[in-house]
Amino acid sequence: MSSNTIKVYFDGNCGLCSKEISYYNKIDKKNIFEWVNIYTHDTDLKKLEITKSEALMELHALDENGKMHKGVDSFILIWKNLSFFWSILGILVSFYPIYLTAKFAYRKFAIQRFNKLGYCDIKIN
């Protein structure tokens, strides 16, 4: 992994999540992302002090400077590093009123998804 790689930790058991990450991977022309399926590779989570439940609840991404992003902030990081259209979306969602709305909507969606999927009910991390 090069120093300018962004590591994205996603729920590989979730069909929607996997489909979205697969799409991002396909359009990643810069090849700067490392996509980590937390269901099959959770070693990093322990090093980063992120529980599997936390990682299943929200998307996490570690930027090239070692800063952790989660939820909407992860999507903004991803979008800003993709094609022109996606980078514009990342910039737009970064604007405070839009950001607050996106953060609220994503959190609500994430909780609903987490509660709906039985495998997210983890007792041991």
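The values are calculated or read from the model by the stated rules, or taken from the named source; none is laboratory data. In this text, all values refer to a predicted model and were calculated from it rather than measured experimentally. Note: ideal-geometry Cβ built from the backbone for every residue, glycine included; neighbour counts use all protein chains shown.
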(request) Could you look through the range 1-43, keep only residues that are crowded, with 18+ Cβ neighbours inside 10 Å and among the hydroxyl-bearing types (Ser, Thr, Tyr), and pick out the one that is nearest to the chain's Cα centre (by Cα)? (result) Tyr9
(message) Step by step: first the residues of the range 15-43, then only those that are part of a helix (DSSP H, G or I) and of a type in the set (Ser, Thr, Tyr), then the one that is nearest to Lys67 (Cα to Cα). Which residue is that?
(response) Thr43
(request) Name every residue in the range 74-88 that is touching a strand residue (DSSP E or B) at 6+ places or on another chain (Cβ under 8 Å) and either surrounded by fewer than 18 Cβ atoms within 10 Å (Cβ to Cβ) or without any contact (Cβ under 8 Å) to a residue 40 or more places away in the chain (or both), in order of residue number. (result) Ile76
(request) Scan Gly66, Gly12 and give me the residue that is modelled with pLDDT of 95 or more and not in a strand (DSSP E or B). (result) Gly66
(request) Report yes if some residue within the range 34-42 is at pLDDT 95 or above and among the hydroxyl-bearing types (Ser, Thr, Tyr); otherwise report no. (result) no
(message) Suppose we filter Lys46, Lys103 for residues that are part of a helix (DSSP H, G or I) and exposed (fewer than 12 other Cβ atoms within 10 Å of the Cβ); which single one remains?
(response) Lys46
(message) I'm trying to understand the selection: among the residues of the range 89-100, which are free of Cβ contacts under 8 Å to residues at least 24 places away in the same chain and in a helix (DSSP H, G or I)?
(response) Leu89, Gly90, Ile91, Leu92, Val93, Ser94, Tyr96, Pro97, Ile98, Leu100
